Amino acid sequence: QVQTVESGGGLVQPGGSLRLSCAASGTGTIFRIYRMGWYRQAPGKQRELVATINSGGTTTYADSVKGRFTISRDNGKNTVYLQMNSLKAEDTAVYSCNRVAGDGSTPQWGWGQGTQVTVSS
């Protein structure tokens with residue numbers, strides 16, 4: 001059974017940075033062929049996909065985070081990262097990672113516990 005463990009969240013002031021990590025277990029080396037994504041869910045809002053990275057390293061970003069967030073991966077560690085810079089209050093949410101289906105946005109696995117990001121002065 002695939003499990004993900006997210007970490008790296010916290011409280012940060014507007015304009016600050018955080019680096020999130022997501023370690024996937026139960027996939028073995030096949031992890032490297034998966035398209036992976038970071039999702040976030042703010043209170044009272046639907047979960048949204050903010051960034052993806054495919055097996056070849058091609059990335060996509062939601063317009064709201066483009067130019068501020070960078071997704072990367074380390075296949076040797078079955079881990080995906082999200083570098084978040086120039087954080088804004090509207091980035092406050094629980095962030096989770098998941099395998100992303102095809103070229104869409106549908107998550108393929110169950111959800112880990114996520115990591116809380118709070119941007120506030």
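Among the residues of segment 29-41, those identified as closer than 17 Å to residue 110 by Cα and either of a type in the set (Phe, Trp, Tyr) or open to solvent by 20 Å² or more (accessible area, probe 1.4 Å) (or both) are 31, 34, 35, 38, 39, 41.
Looking for something touching a strand residue (DSSP E or B) at 6+ places or on another chain (Cβ under 6 Å), part of a strand (DSSP E or B) and closer than 18 Å to residue 120 by Cα - is there at least one such residue anywhere in segment 38-54? Scanning segment 38-54 turns up at least one residue that is touching a strand residue (DSSP E or B) at 6+ places or on another chain (Cβ under 6 Å), part of a strand (DSSP E or B) and closer than 18 Å to residue 120 by Cα.
So which residues in segment 9-24 are under 16 Å from the mean Cα position of the chain (by Cα) and assigned to a strand (DSSP E or B), if there are any at all? Before you say what the answer is, go through the steps one by one.
From segment 9-24, those under 16 Å from the mean Cα position of the chain (by Cα) are 9-10, 17-24; that's our starting set.
Listed by number, the residues that qualify are 10, 18, 19, 20, 21, 22, 23, 24.
Can you tell me which residue in segment 55-71 is most open to solvent (accessible area, probe 1.4 Å), limited to those that are within 15 Å of residue 95 (Cβ to Cβ) and part of a strand (DSSP E or B)? Filtering segment 55-71 for residues that are within 15 Å of residue 95 (Cβ to Cβ) and part of a strand (DSSP E or B), the one most open to solvent (accessible area, probe 1.4 Å) comes out as 70. Is there any pair with a first residue in segment 54-66 that is under 17 Å from residue 97 (Cβ atoms) and a second that is open to solvent by 60 Å² or more (accessible area, probe 1.4 Å) whose Cβ atoms are under 7 Å apart and which are 6 or more apart or on different chains, and what are they? Pairs found: 55/32; 55/33; 62/48.
Exactly one residue out of 20, 49 is of a type in the set (A, V, I, L, M, F, W, C), open to solvent by less than 60 Å² (accessible area, probe 1.4 Å), touching a residue at least 40 places away in the same chain (Cβ under 8 Å) and touching a Leu at 6+ places or on another chain (Cβ under 6 Å), and it is 20. Only residues that are under 13 Å from residue 6 (Cβ atoms), hydrophobic (A, V, I, L, M, F, W, C) and either at pLDDT below 95 or out of contact with any helix residue (DSSP H, G or I) (no Cβ under 9 Å at 6 or more places or on another chain) (or both) were counted across segment 99-121, and they come to 2.
Let's see how each residue does on (1) on the phi > 0 side of the Ramachandran plot; (2) in contact (Cβ under 8 Å) with a residue 60 or more places away in the chain; (3) in a strand (DSSP E or B); (4) crowded, with 16+ Cβ neighbours inside 10 Å:
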| position | (1), (2), (3), (4) |
| --- | --- |
| 83 | no, yes, yes, no |
| 87 | no, yes, no, yes |
| 99 | no, yes, yes, yes |
| 109 | no, yes, no, yes |
| 113 | no, yes, no, no |
| 121 | no, yes, no, no |
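The values are calculated or read from the model by the stated rules, or taken from the named source; none is laboratory data. These numbers were taken from a predicted model, which means no experiment stands behind them. A quick note on method: Cβ atoms are made from the backbone with ideal geometry, for glycine too, and the neighbour counts reach across all protein chains shown. Remember, those area values only see protein heavy atoms, side chains included, never the ligands or the DNA or RNA. Shrake-Rupley method; radii C 1.70, N 1.55, O 1.52, S 1.80 Å.
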